[in-house]
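What follows is one structure encoded as structure tokens, with my remarks underneath.
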Amino acid sequence: MTPRLLTIALLLTLGAAQAQNQPVQVPDDLRALVQQANTNYPTLKQQQQQIQAGEVRVDIARTAMRPNVNLNGNYTYVTPVPQFAIPINGQDVVAKLAPNNNVNANVSVGQTIYDFGRTDAAIRQATDNVQLLRRNFELTQQSLAYQVAAAYYGVGFLQRGLIVQDSVIRTASANVKLLSTRLQNGDALQYDVLTEAVRVKAAQNRKIEIQNQLERQLAVLTYLTGNPQPETSRAIEQFQLGSQSGTVSLFDLNGQFQTAVAGNKAVLLAQDQVRAAETEVLVNSRAGQPSITFSGSAGYKNGYPLQVEKLRANTAAGINFIAPLYAGKRYRLQNQAAQLTLNASRYAVENTSAQLRQSIAQVNADIRSNQTRLTNLETQVRQAQQALQIANARLRNGVITNVELQSAEVGVEEAQLGQLNFQYQLMLNQLELKRLLGENLF
């Protein structure tokens with residue numbers, strides 16, 4: 001067996017077989033990357049602050065039924081003021097009906113006694129908004145985890161592809177040297193040398209492209225995790241040449257679709273939006289309701305008759321009743337708009353569910369296709385290996401040329417690269433199915 005055949009055989013025997021229906025295993029370094037993303041990703045930090053702000057708004061809505069206490073002070077200078085003269089003991093005494101210096105200082109209290117459910121509706125609306133923010137946070141967090149996983153497995157796929165491409169370059173470069181020597185001895189043609197040299201350049205360009213894609217994937221990981229040097233040492237282990245494809249279970253859309261609906265984050269968000277729209281209808285229906293409030297004050301003021309400049313203690317208390325009578329159809333139009341928004345939200349749930357069914361059906365189709373092609377490629381790799389063994393034997397017997405042997409080697413390498421590609425695609429399909437079902441990555 002030639003050294004080239006030994007190298008290919010070694011590559012084909014790397015890795016353990018995947019078990020049937022085995023779930024996606026999450027390496028420790030991928031777990032660490034997801035945790036870093038959850039800690040450092042700016043959008044998550046932004047949404048956490050929005051949730052906290054929403055919770056504060058719930059507390060603000062609750063304060064509507066609490067009393068308001070104010071310290072009030074007012075000073076006004078007025079001139080002239082109404083006054084008249086009274087003759088007393090032969091002299092005119094001026095009597096003022098109002099002071100020039102008007103002073104009023106008091107502590108006032110106001111509180112809503114009953115507002116026919118408006119405050120309760122406002123609290124419920126603020127609570128629903130917080131739930132929407134939390135659901136968006138969960139959706140972002142889940143999507144982030146799967147983005148990190150996709151980039152991580154992409155790194156492993158490209159790293160393994162570089163190994164195969166390096167093998168192609170080494171083999172082609174060795175063949176160029178061999179053919180150049182044979183050309184000098186008259187055993188090869190210039191065409192053979194040039195053909196193999198072109199193959200080397202093409203393989204080197206493919207390696208540059210793969211290296212570029214690898215750097216881009218690492219840049220994505222850095223952006224998502226905030227780590228300038230993300231740890232991906234075990235990513236390459238997820239793609240082994242020669243491993244068996246096994247069987248990946250398809251999702252039963254007919255029997256288990258409601259389970260998918262119950263877990264999908266996008267559907268849950270749409271359902272939360274329906275509840276928020278229902279609350280909006282409630283808020284608008286109560287916007288035109290009456291309100292009963294209490295108001296009171298205690299303090300000092302002047303302006304009382306006979307001694308208008310003297311400050312005197314005073315208190316006041318009362319009950320206020322306000323019932324809107326006419327607002328230019330505003331309340332009715334608000335109710336109409338809220339009801340239309342509610343109807344739209346309900347249709348959005350139906351649309352999101354339909355999109356979920358479509359997405360799962362497409363992932364099922366991709367899994368079925370990629371699994372079949374991967375199985376075919378496993379056969380193709382074995383056949384290409386056998387063809388290479390035959391070509392080596394025929395070359396030793398002088399039946400074929402070195403160029404024909406190279407063709408057999410190319411067949412093995414192309415089958416290997418195809419096998420890696422469909423392993424990667426199948427991995428992405430499994431991740432996408434887990435995401436659609438609302439499952440956490442780990």
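Brief remarks on what is shown
- For q = 0.15 Å⁻¹, Debye-computed log10 I/I(0) when each Cα of the range 275-328 counts as one equal scatterer: -0.67
- [x] 29.5, 96; [y] 40.1, 154; [z] 23.8, 79, with the label sought being that of the calculated Rg and Dmax of the Cα atoms in Å: [y]
- Among the helices of the chain, those built from whole DSSP H runs whose Cα atoms reach 24 Å or more along their own axis and whose mean Kyte-Doolittle hydropathy is at least -0.5 are 118-185, 190-225, 265-285, 402-436.
- Listed by chain and number, the lysines whose C-alpha is less than 16 Å from the C-alpha of residue 201, apart from same-chain residues fewer than 8 away, are 177.
- When the square roots of the Cα gyration tensor eigenvalues are ordered a ≥ b ≥ c, the ratio a/c for the range 240-301 is 1.5 or more and a/b exceeds b/c, which makes its shape prolate.
- Under 24 Å of direct C-alpha separation, and excluding same-chain neighbours fewer than eight residues apart, residue 310 reaches these lysines: 96, 301.
- Only lysines eight or more places from residue 265 in sequence, or on another chain, were considered; those with a Cα closer than 30 Å are 45, 434.
- The range 308-349 - convex hull of the alpha-carbon atoms, volume per residue in Å³: 195
- For residue 231, net neighbour charge (Lys/Arg +1, Asp/Glu -1) across residues whose Cβ lies under 12 Å away: 0
- Per-selection Rg to Rh, the range 156-305 - Cα, Kirkwood hydrodynamic radius: 1.49
- Set of the range 205-237 residues, backbone N closer than 13 Å to the point 7 Å along the Cα-Cβ line of residue 29: 218, 229-237
- With each label modelled as a point 7 angstrom along the Cα→C-beta vector, the residue 215-residue 329 pair spans 6.5 nm.
- Cα gyration tensor category, rounded, prolate or oblate, for the range 298-442 with a/c compared to 1.5: prolate
- Per-pair calculated FRET efficiency, R0 = 60 Å: residue 319 and residue 39 via Cβ, rounded to 0.05: 0.65
- Chain lengthening between residue 414 and residue 180 when straightened (0.36 nm per residue, less Cα-Cα): 81.7 nm
- With a cut-off of 14 Å between beta carbons, the residues surrounding residue 53 carry a summed charge of +1, where Lys and Arg count +1 and Asp and Glu -1.
- Descending semi-axes in Å of the range 74-136, equivalent ellipsoid built from Cα gyration tensor: 61, 13, 8
- Per residue, the solvent-accessible area of the chain (1.4 Å probe, heavy atoms of protein chains only, all protein chains present) comes to 56 Å².
The values are calculated or read from the model by the stated rules, or taken from the named source; none is laboratory data. Remember, predicted model here, so these are calculated numbers, not experimental data. Cβ atoms come from the backbone with ideal geometry, glycine included; neighbour counts cover every protein chain shown. The area values use the complete protein model at the heavy-atom level, side chains included, leaving out ligands, DNA and RNA. Shrake-Rupley method; radii C 1.70, N 1.55, O 1.52, S 1.80 Å.
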